[in-house]
Amino acid sequence: MPLLLVLLFFASQAHASEEITPNVYMHRAGTKILSGVINVATGWLELPKNISLWNQKDENILIGTAEGMLWGVVHTASRTVSGAVDLVTFWVPTFPIPEPLLVFENFSKESEYYAFRMGR
């Protein structure tokens, strides 16, 4: 188990070979601050978004609505918390956690969350 942790640590270091210039740093920090504030404020939009997405996936409106509400609550909490984490860790030159960056950027795509990505 400790060997696995060491390998994971070095694997992430090997991937982070991009040079972080002042311009890159300022751009990423600014993006994380803005997206963090917006995601904390608009995280609740994941609920109607997921209800809509799951109703498109399932032909039964009751099942689609129930699944959408359950996943909407999960994604609402995830986007709100990830926005808060991005806001608090804006000084770390990584990309913001959620994909798409903002809930209303692509309302037809289910949100995904990737913590502390150095590259896209």
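Remarks
- The stretch 74-110 - residue that is assigned to a helix (DSSP H, G or I), β-branched (Val, Ile, Thr) and in contact with a helix residue (DSSP H, G or I) (Cβ under 7 Å, 6 or more places away or on another chain) and, of those, surrounded by the most Cβ atoms within 10 Å (Cβ to Cβ): Thr76
- Identity of the residue in the stretch 111-120, assigned to a loop (DSSP other than H, G, I, E, B) and not hydroxyl-bearing (Ser, Thr, Tyr), that ends up surrounded by the fewest Cβ atoms within 10 Å (Cβ to Cβ): Arg120
- Members of the stretch 84-98 that are within 24 Å of Thr21 (Cα to Cα) and either of a type outside the set (Phe, Trp, Tyr) or touching a strand residue (DSSP E or B) at 6+ places or on another chain (Cβ under 8 Å) (or both): Val85, Asp86, Leu87, Val88, Thr89, Val92, Pro93, Thr94, Phe95, Pro96, Ile97, Pro98
- When residues in the stretch 86-99 are screened for being at pLDDT 90 or above and not hydroxyl-bearing (Ser, Thr, Tyr), 3 of them pass.
- Scan of the stretch 53-73 for residues that are surrounded by 14 or more Cβ atoms within 10 Å (Cβ to Cβ) and more than 20 Å from Ala41 (Cα to Cα), ordered by number: Leu53, Trp54, Asn55, Asp58, Gly64, Thr65, Ala66, Glu67, Gly68
- Scan of the stretch 26-53 for residues that are over 19 Å from the mean Cα position of the chain (by Cα) and under 19 Å from Glu105 (Cα atoms), ordered by number: Ser52
- Long-range neighbours under 8 Å by Cβ, at least six apart or interchain, first residue at positive phi within the stretch 33-51, second assigned to a helix (DSSP H, G or I) and buried (at least 19 other Cβ atoms within 10 Å of the Cβ): none
- When residues of the stretch 41-73 are limited to those that are charged (D, E, K, R) and in a helix (DSSP H, G or I), the one nearest to Ala29 (Cα to Cα): Glu46
- The numbered conditions (1) among the hydroxyl-bearing types (Ser, Thr, Tyr); (2) exposed (fewer than 14 other Cβ atoms within 10 Å of the Cβ); (3) more than 21 Å from Pro96 (Cβ to Cβ) are all true for Tyr25 except (3).
- Subset of the stretch 38-57 (residues that are of a type in the set (S, T, N, Q), under 11 Å from Thr76 (Cβ atoms) and out of contact with any Gly (no Cβ under 6 Å at 6 or more places or on another chain)): Thr42
The values are calculated or read from the model by the stated rules, or taken from the named source; none is laboratory data. Just so you know, these numbers come straight off a predicted model, no measurement behind them. Cβ sites come from the backbone with ideal geometry, for glycine too, and all protein chains shown count toward neighbours.
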